[in-house]
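The values are calculated or read from the model by the stated rules, or taken from the named source; none is laboratory data. All values derive from a computational prediction rather than experimental measurement. Counting neighbours? That spans all protein chains shown, and the Cβs are built from the backbone with ideal geometry, glycine included.
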Amino acid sequence: MKGSLTLRVTLAFVLIVAASAAGLGLYLYHAFVGEIVRRDDIALLGKLRQVQQLLGSPGAQTLLRERPQYFRDTMSGQENSLVRIVDADGQVLLDINPPGERYPLPPAVAEGARPAVLAWTSRAGAPGQVVSVTGRLNGQQVRITVARVYADRTAMFVRYRRQIVLACTLAALLAGLLAAFLLVHGLRPLRAIAAHAALVRPGRLDSQLDSENAPRELRPLIDALNAMLVRLHDGYTRLSGFSADLAHEFRTPVNNLLGQTQVALAQRRSPDDYEELLASNVEELERLSRMVDSMLFLARARQEDVVPERQALAVEEEFARMAEFFEGMAEERGVLLDCAGSGTVQADPQLLRRALANLLSNAIRHASPGSTVMLAAAQVAGETELSVTNQGDPVAAHDLPHLFERFYRGDASRSAGTGSTGLGLSIVSAIMAVHGGRAEVRPLPGMTRFVLLFP
Amino acid sequence: MAAMHILIIEDEPKTGDYLLRGLRESGFTASLARNGRDGLHLAGEEEVDLVVLDVMLPRMDGWEVLAALRAHEATARLPVLFLTARDEVQDRVRGLELGADDYLVKPFAFVELVARIRTLLRRAPLREDDALCIGDMEIDVVARKVRRQGKPVLLTAQEFNLLHLLARRQGQVLSRALIASAVWDINFDSDTNVIDAAVRRLRRKLDDPFTLKLIHTRRGMGYVCEAEPQA
């Protein structure tokens, strides 16, 4: 009941139709009853006037006394009409009352005035109406009372009520059936969506739902579902690409480990050789371990699992720390480090250092000997820009858009043997993303500049 | 001082074996339990100074072992270092909340484990010596001056910090990660060339002019400062 939209809407529809049909029926019934009652009252008053006129005609007294059945026949006519004429002394001159009914006597009004119609109930339980006026009989004042019992009328009303109830019920049922049919028919596009959605699985994320032929009301839903499918497809492709890349990247170190160990074991060797082998294995394993760490970091950053603990960091201090850290390496490569700029940046200290360290280690590696690697800070359009610039061979133009992609190595020969995981710049990019900022590369004549933009 | 006794609770056979062997060779006595229940039993039986506990254990997992250790009066204050392969924040928080003293995420460098164990076993904070003497080298920690054979060796602030770290932990192999963290507060996997370059620079000033070398590379592990290289 709770779950079915069709059932709920159908029930609501049935209720609405039943209520409106009942309201209409009630109104019509009341109008009909009112009209019947009004007509009956007019008829009753007409009868009263007839009696009055009859009494006013000559010889009425004689007629009344000698031929009361005349009144019965002409005045009453039907059995359910009751007539009573009483003179001023209280003597009953005429009483036509076949079943011997007792009815209340309304106050008699003077001739010419409109008498009040009083309702009563007969002994048989049928409703009755009674009117009473004063009239003249031979100059004498008499009181004329006319009453009537409407046994047929009640039965007719009951029949009429039943018909109305029946009509309401039928209308409601019909409406329910119609509503159910329309809903089942109208919800067909939804079932089509469900059927399509049931077919969606990892390999088939690119199939889109058809929104052309769908009703206009469902198009936003279909478009939203399609957008979701696109995002899922995107994420899925990226993830499978990720694992494929990972497996591929693991091949080289695993191959080295396997190969050099098997070669070493092929014959007896000196302890020094074994030591050499083990140390070389450790290097490969460390490379694998670093790769695993970096991949985990990237995966977590993408899942928004890395929450930066932002604090205001003095740029000068951070630059100085980095310059100190890289001092030895720069010196060995004949590269100078130069820091410029001050101010503060809102960032997670460990993540900022990691990003700067990755950029600096790249910059020093690719800087021409004798040149200077520059660390600089600037405020540009409300953003804090931290940049690392090195002089040296520029990055090839076709490499630029891919630099921040994982495992992208612009020049394979450059990174060979450096123990680089090919993930450094991806990590920089991920770190900036969790800060709500971005990382950019800007080629300059004879220089390469990497920029971290903090919002 | 008698050798410290370390209980290793680890079900993975190779990991257990190399931990046992490595810790024994690092100057500890050690025993190995292959599952949580045996480990808990041994912790109650033996004089244990520290427990190295793997989290993923069959039947009774590391968390249960840790909770049971903490629940017993005799083992309530026993230092516990847990090993986990799942580097999830919740895991680390859970371990530390349950009363573990430290943790390492697999894969870890063996020297890192030894360094952590030494730190945990040090009941009182390490007394900072004002002067250190290794071979013919004297370090005046207060004045930040270094002499070899009585002749001053001029070092930059960084080189001094690096040497001081190695000298304080004389005879212990320090991993590159530990050095980066202690000297530069760099707590992530950074370019290892940076540390190597820094050490090479220090050596050029400290060791190159002399026949007795004090700073030694342990390939695949890190660096150690000692007067007599191990035979």
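Kindly establish whether B:VAL105 is touching a Leu at 6+ places or on another chain (Cβ under 6 Å), β-branched (Val, Ile, Thr), closer than 30 Å to A:ALA279 by Cα and without any contact (Cβ under 8 Å) to a residue 60 or more places away in the chain.
No; evaluated as a whole, the condition is false for this residue.
Could you please find all residues in the range B:149-167 being out of contact with any Leu (no Cβ under 7 Å at 6 or more places or on another chain) and charged (D, E, K, R)?
B:LYS151 - this is the single residue of the range B:149-167 that is out of contact with any Leu (no Cβ under 7 Å at 6 or more places or on another chain) and charged (D, E, K, R).
If I ask for residues that are over 18 Å from A:GLN391 (Cβ atoms), surrounded by fewer than 22 Cβ atoms within 10 Å (Cβ to Cβ) and more than 9 Å from chain B (Cβ to nearest Cβ), which ones from the range A:318-344 would you list?
Hits for the range A:318-344 are A:GLU318, A:ALA320, A:GLY341, A:SER342, A:GLY343, A:THR344.
I want to confirm something. Restricting to the range A:302-317 and keeping residues that are in a loop (DSSP other than H, G, I, E, B) and modelled with pLDDT of 85 or more, which single residue is surrounded by the most Cβ atoms within 10 Å (Cβ to Cβ)?
A:ARG310
Could you please find all residues in the range B:56-89 being hydrophobic (A, V, I, L, M, F, W, C), within 14 Å of chain A (Cβ to nearest Cβ) and not in a helix (DSSP H, G or I)?
B:ALA85
It is to be established whether one or more residues within the range B:137-146 are farther than 16 Å from B:ALA227 by Cβ, buried (at least 20 other Cβ atoms within 10 Å of the Cβ) and either assigned by TED's automatic domain parsing to the domain that holds B:GLU25 or at pLDDT 90 or above (or both).
The answer is no, given that none of the residues of the range B:137-146 is farther than 16 Å from B:ALA227 by Cβ, buried (at least 20 other Cβ atoms within 10 Å of the Cβ) and either assigned by TED's automatic domain parsing to the domain that holds B:GLU25 or at pLDDT 90 or above (or both).
From the list B:ALA109, B:ALA100, B:ALA115, pick out the single residue that is within 14 Å of chain A (Cβ to nearest Cβ), crowded, with 18+ Cβ neighbours inside 10 Å and not aromatic (Phe, Trp, Tyr).
None of the other options fit; the residue is B:ALA109.
Confirm whether B:ARG148 is within 19 Å of A:GLU327 (Cα to Cα), of a type outside the set (S, T, N, Q) and more than 21 Å from the chain's Cα centre (by Cα).
no
Could you give me the residue pairs with C-beta distances under 9 Å whose first residue belongs to the range A:219-244 and is in contact (Cβ under 8 Å) with a residue 24 or more places away in the chain and of a type in the set (Phe, Trp, Tyr), whose second residue is outside any helix (DSSP H, G or I) and surrounded by 13 or more Cβ atoms within 10 Å (Cβ to Cβ) wherever it lies, and which are 6+ apart or on separate chains?
A:TYR236/A:LEU205; A:PHE242/A:ARG406
For the range A:89-159, please list each of the strands (runs of 3 or more DSSP E) lying entirely inside it that holds at least 1 residues being surrounded by 13 or more Cβ atoms within 10 Å (Cβ to Cβ) and free of Cβ contacts under 8 Å to residues at least 40 places away in the same chain.
In the range A:89-159, the matching strands (runs of 3 or more DSSP E) lie at A:92-96, A:118-121, A:127-137.
The conditions are (1) β-branched (Val, Ile, Thr); (2) at pLDDT below 90; (3) touching a Leu at 6+ places or on another chain (Cβ under 9 Å), and B:VAL80 fails exactly one of them. Which is it?
It fails just one condition, (2).
Return the residues of the range A:69-120 that are modelled with pLDDT of 75 or more, under 14 Å from A:LYS47 (Cβ atoms) and of a type in the set (Lys, Arg); say none if nothing qualifies.
Listed by number, the list holds a single entry, A:ARG84.
Please work out if A:ALA224 is at pLDDT 85 or above and within 18 Å of the chain's Cα centre (by Cα).
In short, yes.
Within the range A:7-57, which residues are surrounded by fewer than 16 Cβ atoms within 10 Å (Cβ to Cβ), modelled with pLDDT under 90 and hydroxyl-bearing (Ser, Thr, Tyr)?
Passing the criteria: only A:SER57.
Among the residues of the range B:153-185 satisfying the criterion of being among the charged types (D, E, K, R) and either outside any loop (DSSP other than H, G, I, E, B) or touching a residue at least 60 places away in the same chain (Cβ under 8 Å) (or both), which is farthest from the other protein chains (Cβ to nearest Cβ)?
The qualifying residue farthest from the other protein chains (Cβ to nearest Cβ) is B:ARG168.
Report yes if A:GLN379 is at negative phi, in contact with a Phe, Trp or Tyr (Cβ under 7 Å, 6 or more places away or on another chain) and either more than 14 Å from chain B (Cβ to nearest Cβ) or part of a strand (DSSP E or B) (or both), otherwise no.
no
Run A:ALA347 past the list (1) among the hydrophobic types (A, V, I, L, M, F, W, C); (2) more than 11 Å from every other protein chain (Cβ to nearest Cβ); (3) more than 20 Å from A:ALA312 (Cβ to Cβ) and report the number of the one that doesn't hold.
Here A:ALA347 meets the rest and fails (3).
Tell me which of these A:LEU296 doesn't satisfy, since it passes every other one: (1) at the interface with chain B (Cβ under 10 Å from one of its Cβ atoms); (2) assigned to a helix (DSSP H, G or I); (3) crowded, with 17+ Cβ neighbours inside 10 Å.
Condition (3) is where A:LEU296 drops out.
If you scan the range B:186-223, which residues turn out to be farther than 11 Å from B:ARG176 by Cα and away from chain A (no Cβ under 11 Å)?
B:LYS205, B:LEU206, B:ASP207, B:ASP208, B:PRO209, B:PHE210, B:THR211, B:LEU212, B:LYS213, B:LEU214, B:ILE215, B:HIS216, listed by residue number.
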